[in-house]
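The values are calculated or read from the model by the stated rules, or taken from the named source; none is laboratory data. Please read these numbers as outputs of a predicted model, since none were measured by experiment. Every residue, glycine as well, gets a Cβ built from its backbone with ideal geometry; the counts of neighbours run over all protein chains shown. With ligands, DNA and RNA removed, areas are computed over all heavy atoms of the protein, side chains included. Shrake-Rupley method; radii C 1.70, N 1.55, O 1.52, S 1.80 Å.
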Amino acid sequence: MANANTNNTEAEHVSIDSEAAHVISAVEECHDDDDVGALHDVVQGLPSHAVKDLLSVGVCTRCILRLFGIRGNIYSISAISPSILNSVIGEQRHGEDISSNSKESEFEEVLCALCLGILQFTYCDDKEIPVKKESANDMAVAISELVKREGYQIDSFSLEVSVPPIILENEHSVRLYMKRKYGTEPWFQGGPFSQSISAKDALKFSLAKPLETLLDCKSGISNFRIGLTFSHKASKVVQSVAVSKQGCKRIKTGNSIDSLDDSVAGDIKCSDLADATVERSFDGLQDNESSECFKFPLQKVNDACHLVLLCQRTPIYFGGRYLKYSRNVSQTRWIIDDERMGEASVEEIIGSNIQPLCQGDNYKFHAAGREDIDVRMLGSGRPFLVEVQNAHRIPSEAFVREIETNINNLENKLVGVKNLKVVGIEGWTMMREGEAEKQYAALVWISRPLEDVDLDSISSLKDMQILQGTPIRVLHRRSPLQREKIIHWMKIERIGGSSQYFLLHLCTQAGTYIKEFVHGDLGRTHPSIGSILGCRAEILQLDVTDVKMDCFLTE
Amino acid sequence: MKDHSVDHTINLEHEQEQEQDSLHRILVPDVRDLPLTPPSAIESNFVSYFAPDFTKPGHDQYVYRHANGLCVIGLARTHVAFKDTSGITAVDFNVGKSDRSGIKVTGKRKKNAQHFESNSALCKVNTDDASYIVRCCVKGSLLEVNDRLIKQPGLLNSLADREGYIAIIMPKPADWLKVKGSLLGLEEYKKLREC
């Protein structure tokens, strides 16, 4: 076998943890010889003096590759190290082979002055402990362990990386320096430096494939986000004011790097508004001006970046229709002075049956309109959405049907649910669609016996306009306004055994106050049932029998 | 051969009919549970208070207070104005320094609402023989006056306790507590006036 020295080096290079080693070799098998071969070809094509220059300034291997605009899965190959570049440099300088080799291997230990160790998989974790992963795969293992530990069930993921702005500053310095020094050379004219990959994208290129293997799903547009946020104490506030304004903005464009053909180039180049803004502001500066602003050579850094790893699922939505059978249940949680109004709320009954089954952090309830606590919601039900935040599991269709059954079989039968299912963003637009007509049944009493002619005078009124002053019962919290509303149709249904009570069925425009339409609200709603029938009218009970909207209907 | 789509439609219709029937059953009340005369909207939603002889003998006014704090002000049935045989013939909101019917209150915060003391004048009601000043009874912001009374003063004669209300005032909680003590509840008022 080879001599002892070589054996030791090899042993050090391979990771200790046997499980990781198994995975690493599995990953490396994914890299065909094509990939590794392509890597060597690419490296051969680099201008050696420029590469040596960059190395001497303290730029790491991956940064060199990305500055020259090299893209793709090759970033995840663990074989990338300064020694790869030796083949480029070494060939040109035969004489200095041995000495330059030993010099080059030192760079592995020093933090890259450009990416601050990010592309060397070196960082401080949330406990401030410095971490150095030997390869992209090791870092991917750490990430996948977090995902598994937190119990997320996923079928895709999207990587989001945030780096300290000083890196962009450094990059600009490097590019300027290279332009000034090598601008006239033929290889520079081709414009490789203008095709540079950002540190973020290089990191994504490094981690995507290993993570896909470890998590057994594709990376791309996904509702599950793995966020890597790097920060650095030494990171100065960049000159450009625009960065501080834009720095917090997030674009919802998919950072898809699952396909690495050139069509994706546009996405990758401007993957973050903050970067684009910083780039724009740098481009705007004249070359002469910036020579005073930026220092070269780059400052050496001693501390790695601080990394925060955060997994988040974007909210998922459950849509359906609810029914309320009780006159003592409010729609949403209603608490005054530590006392609950009513015995329960629709929001809590439905939400508490959904959220735990998704293992979400919390939920929000949205409904298309509302009814008073003492008004029942019957018939087809009222459309609603339950938004679950950071769900760790997404229930299957069968499971969702089970949730619906559970709610409908609750002992106290206060609330019912229909057509429950997971919906996408289109759920929102469906709920928002216009103002729906509503249909009601009211139990009405009048101060004189009901006559046959009354039934006709009521039925004959179609699309009748009424004027409602803001009801006294809500006047304390709403604007005093006169609201024009339309009563589309009405029908009186006699109640056997009573001459002064009847059921009033009516269909009205959204926003009509029904109780006030019946009793007149001291004359502030006109016309009213009382004024139409020429007597006093009171309402005892109200039920909503239909919410005429197209969403979440039985198919 | 049976047309299955027709069957399906018939089944769906049957299902819908059944749903309608069961809905209907829930809607119709049991007549035996219904009171002969139900409480009025005012009785259900307001607490009635009375200010007898307010600043002047016989000037009996009511204050209906809603659970949300708003107060409806009006003439009680025993008000001396109703003793005139002609009944009320006119209502004029132009009293004191401004025309109370001209104020426009806007927004949730009730901007532009004027603040009045309990003895500030709201309006003047006229009969053939005399005129009487109606006052706020409660210190607070005037949200609205019943300007229907301008065209229909007769509302006061028949429906003073409902459609003939005078105004709606929003007192601050502290101000309400201060005035509450000087008002009579419904039973006390009935006893006082023997009605």
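Quick notes on this one:
- Per-region count, the range A:189-212, residues surrounded by fewer than 17 Cβ atoms within 10 Å (Cβ to Cβ) and either part of a helix (DSSP H, G or I) or modelled with pLDDT of 80 or more (or both): 3
- Residues in the range A:507-531 that are small (Gly, Ala, Ser) and in a loop (DSSP other than H, G, I, E, B) were compared, and the one that is nearest to the other protein chains (Cβ to nearest Cβ) is A:Gly523.
- Residues satisfying the stated conditions in the range A:490-506, i.e. within 11 Å of chain B (Cβ to nearest Cβ) and either among the β-branched types (Val, Ile, Thr) or not in a strand (DSSP E or B) (or both): A:Ile495, A:Gly496, A:Gly497, A:Ser498, A:Ser499, A:Gln500
- Candidate set: the range A:532-549, residues that are at negative phi and of a type outside the set (A, V, I, L, M, F, W, C); chosen: the one farthest from the other protein chains (Cβ to nearest Cβ): A:Lys548
- The strands (runs of 3 or more DSSP E) found wholly in the range B:61-153 and carrying at least 2 residues that are more than 14 Å from chain A (Cβ to nearest Cβ) occupy B:90-92, B:114-116, B:121-126, B:131-135.
- Pair list, Cβ < 8 Å and 6+ apart or interchain, from the range A:369-384 residues that are at negative phi to residues that are assigned to a loop (DSSP other than H, G, I, E, B) and among the polar types (S, T, N, Q): A:Arg370/A:Gln331; A:Arg370/A:Thr332; A:Glu371/A:Gln331; A:Ile373/A:Asn328; A:Ile373/A:Gln331; A:Asp374/A:Asn328; A:Arg376/A:Ser326
- Condition check for B:Tyr64: modelled with pLDDT of 95 or more and either open to solvent by less than 20 Å² (accessible area, probe 1.4 Å) or at positive phi (or both): yes
Yes/no per residue for (1) open to solvent by 10 Å² or more (accessible area, probe 1.4 Å); (2) at pLDDT below 95; (3) over 27 Å from B:Val31 (Cβ atoms):
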site	(1), (2), (3)
A:Ile486	yes, no, yes
A:Leu503	no, no, no
A:Phe517	no, no, no
A:Gly523	yes, no, yes
A:Cys535	yes, no, no
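- Filter pass, A:Ile487 being of a type in the set (Val, Ile, Thr) and within 12 Å of chain B (Cβ to nearest Cβ): no
- Across the range B:49-59, not a single residue is classified as at pLDDT 90 or above and at the interface with chain A (Cβ under 10 Å from one of its Cβ atoms).
- The set of residues in the range A:427-480 that are open to solvent by 60 Å² or more (accessible area, probe 1.4 Å) and within 12 Å of chain B (Cβ to nearest Cβ) comprises A:Leu467, A:Arg473, A:His476, A:Arg477, A:Arg478.
- A:Glu404 being under 30 Å from B:Pro39 (Cβ atoms), more than 14 Å from chain B (Cβ to nearest Cβ) and open to solvent by less than 60 Å² (accessible area, probe 1.4 Å): no
- Residue count for the range B:11-45, restricted to those that are within 25 Å of the chain's Cα centre (by Cα), within 9 Å of chain A (Cβ to nearest Cβ) and open to solvent by 80 Å² or more (accessible area, probe 1.4 Å): 2.
- All positions within the range A:468-481 that are of a type in the set (S, T, N, Q) and at pLDDT 95 or above: A:Gln468, A:Thr470
- Looking only at residues in the range B:75-112 that are at pLDDT below 90 and hydrophobic (A, V, I, L, M, F, W, C), the one that is least open to solvent (accessible area, probe 1.4 Å) is B:Val105.
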